[in-house]
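Presented below is the structure to which this report refers.
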Amino acid sequence: MSADATATLQGEETAALRRRADALEEAVRRAGERVDPEVAEQVLAVLGRVRERLLLGVDHTVVALAGGTGSGKSSLFNAVAGLQFAEVGVRRPTTSRVTACVWGTGSGPLLQWLGVDQDDRIERESLLDGEHEAALRGLVLLDLPDHDSVSPEHRAVVDRVLPQADMLVWVVDPQKYADDALHAGYLRRLVGHEAAMAVLLNQVDTVQPALRDGLAADVERLLVEDGLRGVPVRQVSARTGEGVQEVRTELARMVAQRSLAARRADAELDGAARLLSGQLAPAEPEPARLAVAPVVETLAAAVGLDAVADAVAALVRGASPSAPTFGPVPLDSVAQARSGWI
Ligand SMILES: Nc1nc2c(ncn2[C@@H]2O[C@H](COP(=O)(O)OP(=O)(O)O)[C@@H](O)[C@H]2O)c(=O)[nH]1
Ligand SMILES: [Mg+2]
């Protein structure tokens, strides 16, 4: 995922964690040599790790349903959401648009970045749902245009959105799962992304039960030929609902992993803060307990107090016609006096 993509993907939780990491880094920088360099290095290493994880974003999990024309992406989108929102069986040019279903709130900027029009968004979780949909809170499910559409515009949308998704769910059907447009065009290029992919063999209601496992095994064989190992293949039917609950469970697991990532980042930052504070005094020293005299001397020298005093004396003696003024205060002298003091 690109850097600007990440910036846009930062929801509230991610941004708050990033702010904490930034503040800790600033503390390490300000502490300078006052802390053990080994500790500073350890803290910076933790910050590096946490930032890397935040790059993935921890607020939302974007799952894209991708696949060929008529495989059943829109039907599955509706089945998973329990809604009739995406248009089914539509191949007009309007299907170059991406449809999104969001569980929870606060995904406006993310959807805008994903290029989902306001009219093509729906929020799944409402008060009426109670806790029924809670496990999916944070999920953004996308119904993509057909990657094998005759319209190049559709393909362009698919190519733009695929790298933005956290997880790709390829919807295939029993007739076209071996399609070269899918394997050469997409799957073979996704080697290395296996952990963020799944394949749904949809329309299994059209296949004799005795033949289904063999068909799924054939899909797996092609994936391995593509260089993709360990990608789960699930048998589903948007029509009968078979396997849809399992898909929801899998999505809930993905969403939970994300919030787990947020909790973990939080704990790591706590640890880094503890490490750093172990090097520092528990509180700022009481002003009364600080030796003021040397600081006064340094500051007096910084503003040239002696010279001003001499000039005032000369004025009083009548030896000088004009009153003296203070020159500009050199800020680094003040900083030096301050750091020597505290
Ligand atoms: N028998 C059967 N038909 C399905 C299933 N899923 C979708 N369809 C049908 O396949 C056609 C294309 O579905 P659609 O969801 O629009 O596919 P998309 O082009 O991938 O979005 C429609 O007529 C659907 O009713 C399924 O699981 N079983
Ligand atoms: Mg569709």
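The values are calculated or read from the model by the stated rules, or taken from the named source; none is laboratory data. Model, not experiment: these values are computed from the prediction. Every residue, glycine as well, gets a Cβ built from its backbone with ideal geometry; the counts of neighbours run over all protein chains shown. With ligands, DNA and RNA removed, areas are computed over all heavy atoms of the protein, side chains included. Shrake-Rupley method; radii C 1.70, N 1.55, O 1.52, S 1.80 Å.
Size of the chain from its Cα atoms: along the principal axes, largest to smallest, the extents are 113, 43, 41 Å.
Per residue, how much accessible surface does the stretch 61-242 expose to a 1.4 Å probe? Answer in Å², no decimals.
Solvent-accessible surface per residue comes out at 46 Å².
When each of the peptides 254-263, 319-328 is scored by how many other beta carbons lie within 10 Å of its residues on average, the order from highest to lowest is 254-263, 319-328. Heavy-atom surface analysis with a 1.4 Å probe gives the stretch 233-342 a carbon and sulfur content of 59 percent of its accessible area.
For the stretch 287-341, take N as its residue count and report Rg(C-alpha) divided by 2.2 N^0.38 Å.
Ratio of Cα Rg to 2.2 N^0.38 Å: 1.41.
A 1.4 Å probe over all protein chains sorts L305, L201, L190 by accessible area into L305, L190, L201, starting with the largest.
For the chain, the residue among P152, A66, L260 whose Cα projects farthest onto the positive side of the dipole built from Cβ charges is L260. When peptides 137-148, 78-89, 36-47 are ranked by their average number of other Cβ atoms within 10 Å per residue, the highest-first order is 137-148, 78-89, 36-47.
Surface exposure of the stretch 287-341, expressed per residue as accessible area with a 1.4 Å probe, stands at 75 Å². Classify the stretch 154-279: rounded, prolate or oblate, from the alpha-carbon gyration tensor (a ≥ b ≥ c, eigenvalue square roots; a/c under 1.5 rounded; otherwise prolate if a/b is larger than b/c)? Here the stretch 154-279 falls in the prolate category.
Given springs between every Cα pair under 10 Å in a Gaussian network model of the chain, which of D119, D266, D332 has the largest fluctuation? Looking only at D119, D266, D332, the biggest GNM fluctuation is shown by D332. Restricting attention to the chain, close to 15% of DSSP beta bridges with both partner residues there are antiparallel. Each stretch of four or more DSSP H residues adds -39500 (n - 2.57); spread over every residue of the chain, this sum gives -15000 deg cm²/dmol at 222 nm.
Can you give me the % of accessible surface on the stretch 83-195 that is carbon or sulfur? Probe 1.4 Å, all protein chains present, nothing else counted. Please report the intermediate quantities before stating the final value.
Details: 3000 of 5680 Å².
With neighbouring chains kept in place, the figure for the stretch 83-195 is 53 percent.
Give the shape of the stretch 61-242 as rounded, prolate or oblate, defined through the alpha-carbon gyration tensor: a ≥ b ≥ c are the square roots of its eigenvalues, a/c under 1.5 means rounded, and otherwise the shape is prolate if a/b is larger than b/c and oblate if not. Prolate, since a/c reaches 1.5 and a/b exceeds b/c.
Sorting K73, K176 by accessible area (1.4 Å probe), largest first, what list results?
K176, K73
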